[in-house]
1. Could you tell me whether the range 32-52 includes any residue that is within 16 Å of Leu140 (Cβ to Cβ), among the polar types (S, T, N, Q), in contact (Cβ under 8 Å) with a residue 12 or more places away in the chain and not in a helix (DSSP H, G or I)?
2. I'm trying to understand the selection: among the residues of the range 44-68, which are out of contact with any helix residue (DSSP H, G or I) (no Cβ under 9 Å at 6 or more places or on another chain), over 27 Å from Arg11 (Cα atoms) and either surrounded by 14 or more Cβ atoms within 10 Å (Cβ to Cβ) or modelled with pLDDT under 90 (or both)?
3. If I filter the range 13-27 for residues that are among the small types (Gly, Ala, Ser), under 22 Å from Leu139 (Cα atoms) and loosely packed, with under 12 Cβ neighbours inside 10 Å, do I get at least one hit?
4. For Lys122, only one of the following conditions fails: (1) among the charged types (D, E, K, R); (2) surrounded by fewer than 11 Cβ atoms within 10 Å (Cβ to Cβ); (3) closer than 19 Å to Leu12 by Cα. What is its number?
Amino acid sequence: MENQISSLTKRLQHVGIPVTDVVVSAAFYEQLGFSKAMQSPFQDDGETGTCVMMKNGEVIIELYQLPEQKLKEIRERKDGHIDHITFDVNDIDSAFTALKNGSLHVIEQEPVFLPFWENGCKYFNILGPDGERLEFNQLL
């Protein structure tokens, strides 16, 4: 089982960062040489948030602004926060099955579709031993 799981990831895909103002954050990362690769709304508990993928060469940073009522906890932070680390996978369904069968703590009941990028993507998360979220993602 260990060989099967270790061969799932191709590369680090992106790092997800919750932000309080996606416009201000995008402008900051543009100063560091990043450009906007994609922007899309997303739903969170029936409210709309905004996701912006910033790219510089092969490095991708996901900036996302949650709906207003969830921003309070982000604004109250005293330091920065990286929400998740994402790995590219070739086959999201096979990765999901392998990790679920590997007795890992898979958060979602099945891979989730998002209308991001050109043809969308599917993802799911697992929890690490200290509660860190590791996302597995396939661009469709």
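1. Looking through the range 32-52, at least one residue is within 16 Å of Leu140 (Cβ to Cβ), among the polar types (S, T, N, Q), in contact (Cβ under 8 Å) with a residue 12 or more places away in the chain and not in a helix (DSSP H, G or I).
2. The initial filter retains those residues of the range 44-68 that are out of contact with any helix residue (DSSP H, G or I) (no Cβ under 9 Å at 6 or more places or on another chain), namely 46, 48, 53, 55, 57-60, 62, 67-68.
Those left that are additionally over 27 Å from Arg11 (Cα atoms): 46, 48, 67-68.
The answer is Gly46, Pro67, Glu68.
3. No, the range 13-27 contains no residue that is among the small types (Gly, Ala, Ser), under 22 Å from Leu139 (Cα atoms) and loosely packed, with under 12 Cβ neighbours inside 10 Å.
4. Result: Lys122 passes all but (2).
Table: residues versus (1) in contact with a helix residue (DSSP H, G or I) (Cβ under 9 Å, 6 or more places away or on another chain); (2) modelled with pLDDT of 85 or more; (3) β-branched (Val, Ile, Thr).
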site	(1), (2), (3)
Met1	yes, no, no
Leu32	no, no, no
Lys70	no, no, no
Glu73	no, no, no
Arg77	no, no, no
Asn90	no, yes, no
Asp93	no, yes, no
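The values are calculated or read from the model by the stated rules, or taken from the named source; none is laboratory data. Computed from a predicted structure; not experimentally measured. No Cβ is skipped: glycine too gets one built from the backbone with ideal geometry, and neighbour counts run over all protein chains shown.
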